[in-house]
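The values are calculated or read from the model by the stated rules, or taken from the named source; none is laboratory data. Being a predicted model, the structure only gives us computed values, none of them experimental. Every residue, glycine among them, receives a Cβ derived from its backbone with ideal geometry; neighbour counts consider all protein chains shown. Please note that ligands, DNA and RNA were not included when accessible areas were found on the heavy atoms of the full protein model with its side chains. Shrake-Rupley method; radii C 1.70, N 1.55, O 1.52, S 1.80 Å.
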Amino acid sequence: MSLRFLFVLCCFGIALNGSSQQNEFDSLYNIAVNSKTDYDKALNYDNAGHKLAFINPDSALSIAKIGLTYAIKSKNDTLISDSYYSLSIFFRYLSNYDESIFNSKKAIEHAIKVNALRQIVNAEKSLGITYTEQGNYSLAIEIFYKQLFQARNRKDTNEIAQISTNLANVYFYQELYPKALSYFEEAYKCAVDMKSEFGQSLLLGNIGGVYQKLNQFDLALDYYNKSNEIAQKIEDYEGLGANYGNISSTYYTLEKYDQALDYRLKSLKIKEEMNNLYGISQSWNELGKIYQMKKNIQKGLTYSTKALDLAEQIGAKDLVKEVHETIYKMYTDINNPTKAFIHFKKFIELRDSLFNESNRKKDMRTELNFLFQKQLLTDSIEQAKKVEIFNQKVEAEQYKVASQKKLTLVFSVGFVLMMILAVFIFKEYRAKKKSYLVIQQQKIEVEKQKQLVEEKNKEISDSITYAKRIQEAILPSRYSLTEHLKNGFVLYKPKDIVSGDFYWLENYKNHIYFAAADCTGHGVPGAMVSVVCANALSKALLEENQTETGKLLDRTRELVVERFTKNDDNVKDGMDISLCRISNNQLQWSGANNPLWIIRKNGKEVEEIKANKQPIGKTDNSSPFTTHEVELFIGDSIYIFTDGFADQFGGEKGKKFMYKQLKELLLTIQHLKMDEQREKLNQAFINWQGSQEQVDDVCIIGVRV
């Protein structure tokens, strides 16, 4: 069942009439558009947003964001606080709790600057309600108790009613029903004193909710109906939706499932019209419970699974807990212990994180095993009773034999016992024989499945090996590397059979182009992306004559994006790359996220040219790649690479190798020939990795002038 909050000063004084709200919005929106000053625009846009809050919270949010823009322009902290406060409310209506909390805190921040008491109270109240809906009860109670103390000191009846209601809701969610009832009744008296029909309707419904939890169902239905009479009169659709849901819950408890289904569907319709995501998820879960009781488990699972997805999406932890409980009970009903255990475990974990009182804290392991040990325990008790009964019978017979001292009776009893034992042995033999046949059949089935899995694994392995041959076909051959990079090396270590990293080389118009690239992913997905990216590089250079490295990367990006956007899927795959062009000791270089390192002859440090911070692929704010011109001298060494070497975990403490250590390693091996450097790098990688799994593909290219 659901309760309702009071959170703005005017809540007790207005009814929510949908058509009148729309008319008032239209009027205020026109006034806002035609307002002359930033202050007036902010104020009127904010007021217009509130008129749409209950009938269209999405539009209300958009209007409030416009109002905040003008409030900031006005530099009026009170007005800015009001705008952030409105945003916190609308985000909460849409179940976006993180944004609601952020905007509440911004509202408090600006209100404190100018000591605006009303704004501070409202923003803190909104923050407390959001914490309650999130399940952060301790933070909510701390805020509401402070506010109630202040409101009582000010003798502010309106504030006392609102805060008492919100505090009662927190206690209600913690199942402290007597405390919740006392605060609801205090708030209801305030509503009567103020002649607020809206407040009376809301609180009558909430009091009905407490009586429902206390199993006083006649009282609960009576309060709900009283609340509905007022809600219909003032056209409070949110209130009608809440009451319909609560009446449905009452009928559900009374096992009147047809009436429960009828009222739950009425409630869902209203919540869908208001785009109340929390309410929609909650209604779906309740429908799942009803269909479970009507023995339509599959339809129930459909509704509750939808409810779980939506509750997790909006971050409603208390609701996620309830849905896991519902689903585990359904899987228990259909004898699926594996899935039941999964949802039961998640239910227990969430319940203990939300309700942390000492009298509810139990041994987690005992609770998780409860369902699965229950039947075993029952069977054990029954067996023990059977053994006890049997022993009692034997003792009675022995006592009878001893008293009568007749040999014939002893023989008879012994014969009977032997027959009973023979029957037991025969039954046990039949049971074991049956079990043996079942086990043998299971072994045959397991062996078949094992053989099938092995065949499938072989097919997959063969396919991946063939994919490796395809990928190797696009990589430069050893002869090509030796011919064009005579004094260089390539260290290439795929994580899997195929790789998302690749190296690329072309000899075009008396220039040697070579690159080290890291495509999205590794293994088969990464290899597929690498084929697309390598082909795009070659096409841009050889077919479209893009010889400058920066423009070559620009055109490659266009080709890659074009390839990956041929369907409607929003694919953002691509690559990071370091691209060189060498001719007559003159180096031209461009990079996408991956840098260039240069170690001068007899140099003691690594010169680094940083890359553009963007990939070759689809991005939101792309810009042309920069072309760098570098003069090289005899004995200088250049290195380009992907991130796999530096990101490898290992060493004594299991940490990453890191780029700093890679630079130090390259400096220490500068006196070696390039093929010797490759071996040193490879051995260093193996030693660092140790028993750890290789985390990514590795590609390093080194060239000495």
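Filtered by the rule that a residue be part of a strand (DSSP E or B), under 30 Å from Ile686 (Cβ atoms) and open to solvent by less than 50 Å² (accessible area, probe 1.4 Å), segment 600-653 gives Ile609, Ser637, Ile638, Tyr639, Ile640, Phe641, Gly650.
Taking the condition surrounded by fewer than 13 Cβ atoms within 10 Å (Cβ to Cβ), on the phi > 0 side of the Ramachandran plot and not basic (Lys, Arg), does Asn593 pass? Considered against the rule, which asks whether it is surrounded by fewer than 13 Cβ atoms within 10 Å (Cβ to Cβ), on the phi > 0 side of the Ramachandran plot and not basic (Lys, Arg), Asn593 comes out as no.
Residues in segment 551-568: is at least one in contact (Cβ under 8 Å) with a residue 12 or more places away in the chain and closer than 30 Å to Thr668 by Cα? The answer is no; no qualifying residue exists. Filtered by the rule that a residue be at pLDDT 90 or above and among the charged types (D, E, K, R), segment 119-151 gives Glu124, Lys125, Glu142, Lys146. Among residues of segment 145-158 that are in contact (Cβ under 8 Å) with a residue 12 or more places away in the chain and more than 11 Å from Cys190 (Cβ to Cβ), those with a beta-carbon under 7 Å from a residue that is open to solvent by less than 50 Å² (accessible area, probe 1.4 Å) and of a type in the set (S, T, N, Q) at least six positions away or on a different chain give the pairs Leu148/Ser164.
Quick one: in segment 236-271, of everything that is modelled with pLDDT of 90 or more and among the basic types (Lys, Arg), which residue is most open to solvent (accessible area, probe 1.4 Å)? Within segment 236-271, the match that is most open to solvent (accessible area, probe 1.4 Å) is Lys269.
Among the conditions (1) surrounded by fewer than 23 Cβ atoms within 10 Å (Cβ to Cβ); (2) farther than 30 Å from Leu52 by Cβ; (3) touching a residue at least 24 places away in the same chain (Cβ under 8 Å), Gly288 misses just one, which is (1). Taken together, the criteria place Ala527 among residues that are under 14 Å from Leu475 (Cβ atoms) and assigned to a helix (DSSP H, G or I). Restricting Asp518, Asp496 to residues that are open to solvent by 60 Å² or more (accessible area, probe 1.4 Å) and within 41 Å of the chain's Cα centre (by Cα) narrows the list to Asp496. Among all positions in segment 293-300, there is no residue which is of a type outside the set (Lys, Arg), closer than 25 Å to Asn96 by Cβ and in contact (Cβ under 8 Å) with a residue 24 or more places away in the chain. Reported count of residues in segment 620-631, each being of a type outside the set (Gly, Ala, Ser), touching a residue at least 40 places away in the same chain (Cβ under 8 Å) and over 22 Å from Asn585 (Cα atoms), is 2. Of the numbered criteria (1) crowded, with 18+ Cβ neighbours inside 10 Å; (2) within 24 Å of Glu159 (Cβ to Cβ); (3) without any contact (Cβ under 8 Å) to a residue 40 or more places away in the chain, the one Tyr224 fails is (2).
Considering only segment 75-125, state which residues are charged (D, E, K, R), open to solvent by less than 20 Å² (accessible area, probe 1.4 Å) and closer than 17 Å to Ala64 by Cα.
Within segment 75-125, the first condition is being charged (D, E, K, R), and the residues that meet it are 75, 77, 82, 92, 98-99, 105-106, 109, 113, 118, 124-125.
Within this subset, residues satisfying the condition of being open to solvent by less than 20 Å² (accessible area, probe 1.4 Å) are 92, 125.
Listed by number, the list holds a single entry, Arg92.
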